[in-house]
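What follows is a set of notes on a single structure, which appears directly below.
The values are calculated or read from the model by the stated rules, or taken from the named source; none is laboratory data. Keep in mind that this is a model prediction, so the values were computed, not measured. Cβ coordinates were reconstructed from backbone atoms using ideal geometry, including for glycine residues, and neighbour counts include every protein chain displayed.
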Amino acid sequence: MHPILQQLIAQNPSLQASLPTHIGADGVAAAGIGTGYQALDDYLPWHGWPTGAMTEILTDTVGCGELSLLFPAMARLSHEKRPILCIGVPQTLFSPALRQAGIDVSRISQLNPAPTVKQFADNLWSTEQALKTGISGMVVLWSPPRANTAIESMRRLHLACLGRDTLLIHFRTTGCMAQPSPAWLRLNYSVSDTQVRLRVLKCRGQSLAPPLICLDRAAVQPMLFAHLAARLQLNTAVTTGHFVKPKNPMIDSSVAVTTQARSATSSLATPTASRFSH
């Protein structure tokens, strides 16, 4: 926001009252829902995921635990008894993994899991209607790999979210990077053996130089990380005929298992009911 306009708003109580409650004097969301990861919270101007705005996470590696990035926020919202709606999830969510992350699964509902491209139009409409109610604490939408989302549809979702105390998270493929988007935050998500890498493509209220934020994969996805580390040890033993314990504790499964559980576990999928229960 321009400094002169910011000064006028600060001097005029009537203008302050006309601003949406989620907008600060600097023109960005005044507060967000903590991500659970200090490096990410420190960078984001909302000190967490922005409420009342769209966040896009772009990745081509669906099923590599990308949903676990949201687990800390989901746990917090579920214990505040806020509904969480997952629309178009590629595979039905695995409730034991959610419970281990501290999430109250009775607060999570799923709509159209594993959708076709033809069902995506229905998912867009359902997402817009859910946002307009303002009831959900978080709405998570997945776009199918070959779905072509018009910018008008994106704007409708963003406008439906504005002014509401709701997180809108939209998972899309990296092929959408070059397309315009009204989202306040856009992240390119990828993983290596030891890191979850988040390249910031767009962040309202931050400088134009997009950083690369690396999170310890053992902290974000301890179950999946431990499984991969064990498989690496087994492959090494089969190849060499010797079991060699890794010297780097970052790939030691015994270390990975002891990581804090509140921000942990992979979003591995298995068939369950569309509405969870204890």
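Within the stretch 66-76, can one find any residue that is of a type outside the set (D, E), more than 24 Å from W125 (Cβ to Cβ), in contact (Cβ under 8 Å) with a residue 24 or more places away in the chain and assigned to a loop (DSSP other than H, G, I, E, B)? Within the stretch 66-76, none of the residues are of a type outside the set (D, E), more than 24 Å from W125 (Cβ to Cβ), in contact (Cβ under 8 Å) with a residue 24 or more places away in the chain and assigned to a loop (DSSP other than H, G, I, E, B).
Only residues that are crowded, with 16+ Cβ neighbours inside 10 Å, in a loop (DSSP other than H, G, I, E, B) and either over 15 Å from the mean Cα position of the chain (by Cα) or polar (S, T, N, Q) (or both) were counted across the stretch 136-156, and they come to 5.
Is at least one residue of the stretch 217-232 modelled with pLDDT of 80 or more, under 24 Å from L141 (Cβ atoms) and within 22 Å of the chain's Cα centre (by Cα)? Yes, the stretch 217-232 contains at least one residue that is modelled with pLDDT of 80 or more, under 24 Å from L141 (Cβ atoms) and within 22 Å of the chain's Cα centre (by Cα).
Does the stretch 11-33 contain at least one residue that is at pLDDT 90 or above, hydroxyl-bearing (S, T, Y) and either touching a Leu at 6+ places or on another chain (Cβ under 6 Å) or more than 19 Å from A183 (Cα to Cα) (or both)? Checked against the condition, which is being at pLDDT 90 or above, hydroxyl-bearing (S, T, Y) and either touching a Leu at 6+ places or on another chain (Cβ under 6 Å) or more than 19 Å from A183 (Cα to Cα) (or both), the stretch 11-33 yields no hits at all. Filtering the stretch 53-82 to residues that are within 24 Å of P144 (Cα to Cα) and either more than 12 Å from the chain's Cα centre (by Cα) or modelled with pLDDT under 90 (or both) leaves A53, D60, T61, V62, G63, C64, G65, E66.
Note on the stretch 56-84: among residues that are surrounded by fewer than 23 Cβ atoms within 10 Å (Cβ to Cβ) and out of contact with any strand residue (DSSP E or B) (no Cβ under 9 Å at 6 or more places or on another chain), the one that is nearest to S190 (Cα to Cα) is A75.
Exactly one residue out of T127, T92, T116 is closer than 16 Å to T55 by Cβ, among the hydroxyl-bearing types (S, T, Y) and either surrounded by 18 or more Cβ atoms within 10 Å (Cβ to Cβ) or in contact (Cβ under 8 Å) with a residue 24 or more places away in the chain (or both), and it is T127.
Selection of the stretch 110-125 for residues being within 23 Å of S95 (Cα to Cα) and not in a loop (DSSP other than H, G, I, E, B) yields Q110, L111, N123. Return a yes/no flag: does the stretch 83-96 have any residue that is assigned to a helix (DSSP H, G or I), under 17 Å from the mean Cα position of the chain (by Cα) and either aromatic (F, W, Y) or at pLDDT 90 or above (or both). Scanning the stretch 83-96 turns up no residue that is assigned to a helix (DSSP H, G or I), under 17 Å from the mean Cα position of the chain (by Cα) and either aromatic (F, W, Y) or at pLDDT 90 or above (or both).
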